[in-house]
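For reference, the structure discussed in these notes is given below.
The values are calculated or read from the model by the stated rules, or taken from the named source; none is laboratory data. Computed from a predicted model, the values in this text were never measured in an experiment. No Cβ is skipped: glycine too gets one built from the backbone with ideal geometry, and neighbour counts run over all protein chains shown. Areas reflect the complete protein model, heavy atoms only, side chains present, ligands, DNA and RNA absent. Shrake-Rupley method; radii C 1.70, N 1.55, O 1.52, S 1.80 Å.
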Amino acid sequence: MIKQIMPLSLIVGLRFFGLFIVLPVLSIYALDLPGATPFLAGLVVGGYALTQAAFQVPFGMMSDKFGRKQVLLFGLLIFIAGSVIAALSDNIYMLLIGRFLQGAGAIGSVVSAMIADLVKEEQRAHAMAIMGGTIALSFAAAMVIAPLVGGYWGIDKLFWLTAALSVMAIGILFTAVPKPPHIIHSYSEKESKFLEVFKDKALTRMYITFLFHSSIMTMAFFIIPVVMTHPVTEGGFGWEKAALWKVYVPAMIFGLLAMAPAAIFGEKYGKGKEIFMISVTVIFLGFIAMGFATTPWVFILGVVFFFIGFNMFEPLLQSFVAKFAKVHQKGAALGVANTFAYTGIFLGGLLAGWLMQHYDRATLAVVVAGISIVWFIWVATMPSPNNRGNVYLSLDIFDRERVAALTNHPAIVESYINETERIAVVKYDKDLIDEDEVRGMLS
């Protein structure tokens, strides 16, 4: 599995590194450009999330129809074009175009769908944890490298670096990423339409969970640097910007350590929903600590709690969407999920900025606490994806027509053929039937 997943994880890591590396210094750079205003500078920072949200679904659907690798190449080329335009920009509007183009290369859902293609469901959480860990490491590296490269050689060099890394990602795509298996399914054209991904209530609940998750993440990343660097007279702790690594590094370490047990208990022991509930509770406690801390160390403890809760979601979110989605709609479903995520990033930033402008961090913490309570109830009432199992049947033994006919049984969720590996896959409801009964129906 590692051989299949690591190249894709590297592509995603390089892609996110390119986005992360400009964040610590981008607002300063944008404000210095001709035509800049604080609003336009803010749009430069968060604008990529708008085009990410707009293009996640189209890219996911295109990957279902035309193939994952082709769409990944297309997305990386768009991202390279945006990076080059941003590097060459000599006014705020040209920089905006570059940032919007960077976001338009929305390959996140395609990579997740490709991982779902290559890895069996029983291993998917582990695979998603590897990808999530790669993204987290890219974030940590970006926070360290950005001030150094931007300070010594100019911020435009950061955009050239992102373009170069994306070229490297294309090389990895065509030299190390395995070809996805050839899947044959019997879904009609009507069943493959976009709106079908909203008909499954379990999938819809996961989309809203993505919205909660990403919006609260943005609020956290808004409040942390503001509170830590603002003067004590303004309710902050007066730290230097260069010292923020003392906050982020330990929080990221604890967050990464939390991912493995979350993946194990969520997948191996079927406790995914319970992991989500624990995660929301830990996030709730983290924001209460950040909102009402009177010392920097209590505030940092809150940041650590937030990262633990946030990262516990990471190995399971994409995996659960892929589990609920049928084989012909994984790309589209993951595209919708990522659209909700990027919409949450944008809305969370707006809400956090408005609350901090008109109120204070305690009010922000109370609002997030209220959202967390609603989120907890939302998760507690959602079905668990672990009640669905898979049977893998060799086509040398089992007849494909008889396998296809199983879908008429109310306990069978779907069946499809993996032509590359010469196996049939039958997904069934564990609450209604077990694996032996599925095999018995084919005897």
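Please indicate, with yes or no, whether at least one residue in region 304-319 is at pLDDT below 85, open to solvent by less than 30 Å² (accessible area, probe 1.4 Å) and touching a Lys or Arg at 6+ places or on another chain (Cβ under 6 Å).
yes
State which residue is most open to solvent (accessible area, probe 1.4 Å) when the search covers only region 355-399 and only residues that are touching a residue at least 40 places away in the same chain (Cβ under 8 Å), touching a strand residue (DSSP E or B) at 6+ places or on another chain (Cβ under 8 Å) and over 15 Å from residue 272 (Cβ atoms).
If we take residues in region 355-399 being touching a residue at least 40 places away in the same chain (Cβ under 8 Å), touching a strand residue (DSSP E or B) at 6+ places or on another chain (Cβ under 8 Å) and over 15 Å from residue 272 (Cβ atoms), then 392 is most open to solvent (accessible area, probe 1.4 Å).
Within region 34-70, can you find the residues that are open to solvent by less than 10 Å² (accessible area, probe 1.4 Å) and not hydroxyl-bearing (Ser, Thr, Tyr)?
41, 44, 47, 49, 52, 56, 59, 60
Among the residues of region 421-432, write down those that are open to solvent by 70 Å² or more (accessible area, probe 1.4 Å), on the phi < 0 side of the Ramachandran plot and in contact with a strand residue (DSSP E or B) (Cβ under 8 Å, 6 or more places away or on another chain).
Selection gives 430 alone.
Working only within region 254-267, note down all residues that are over 23 Å from residue 203 (Cβ atoms), modelled with pLDDT of 85 or more and open to solvent by 20 Å² or more (accessible area, probe 1.4 Å).
Listed by number, the residues that qualify are 254, 257, 261.
Quick one: which residue in 340, 346, 320, 324 is aromatic (Phe, Trp, Tyr) and touching an Asp or Glu at 6+ places or on another chain (Cβ under 9 Å)?
324
Go through the residues of region 268-290 one by one and say whether even a single one is open to solvent by less than 10 Å² (accessible area, probe 1.4 Å), in contact with a helix residue (DSSP H, G or I) (Cβ under 6 Å, 6 or more places away or on another chain), within 22 Å of residue 130 (Cα to Cα) and not hydrophobic (A, V, I, L, M, F, W, C).
yes
Can you say whether residue 435 is surrounded by fewer than 17 Cβ atoms within 10 Å (Cβ to Cβ) and touching a residue at least 60 places away in the same chain (Cβ under 8 Å), as far as the supplied structure shows?
No, not satisfied.
Looking at residue 443, is it more than 30 Å from residue 283 (Cβ to Cβ), free of Cβ contacts under 8 Å to residues at least 40 places away in the same chain, polar (S, T, N, Q) and out of contact with any strand residue (DSSP E or B) (no Cβ under 8 Å at 6 or more places or on another chain)?
It is true that residue 443 is more than 30 Å from residue 283 (Cβ to Cβ), free of Cβ contacts under 8 Å to residues at least 40 places away in the same chain, polar (S, T, N, Q) and out of contact with any strand residue (DSSP E or B) (no Cβ under 8 Å at 6 or more places or on another chain).
Please go through (1) in a loop (DSSP other than H, G, I, E, B); (2) modelled with pLDDT of 80 or more; (3) more than 20 Å from residue 202 (Cα to Cα) for residue 393 and return the number of the only condition it doesn't satisfy.
Going through (1) in a loop (DSSP other than H, G, I, E, B); (2) modelled with pLDDT of 80 or more; (3) more than 20 Å from residue 202 (Cα to Cα) one by one, residue 393 breaks only (1).
Just to be sure before I move on: is residue 233 buried (at least 20 other Cβ atoms within 10 Å of the Cβ) and at negative phi in the structure I sent?
No.
Checking the structure you have, find out if any residue of region 154-166 is modelled with pLDDT of 70 or more, farther than 27 Å from residue 85 by Cα and surrounded by fewer than 16 Cβ atoms within 10 Å (Cβ to Cβ).
Checked against the condition, which is being modelled with pLDDT of 70 or more, farther than 27 Å from residue 85 by Cα and surrounded by fewer than 16 Cβ atoms within 10 Å (Cβ to Cβ), region 154-166 yields no hits at all.
Within region 411-432, does at least one residue satisfy the condition of being in a helix (DSSP H, G or I) and either within 26 Å of residue 273 (Cβ to Cβ) or in contact (Cβ under 8 Å) with a residue 24 or more places away in the chain (or both)?
The answer is no; no qualifying residue exists.
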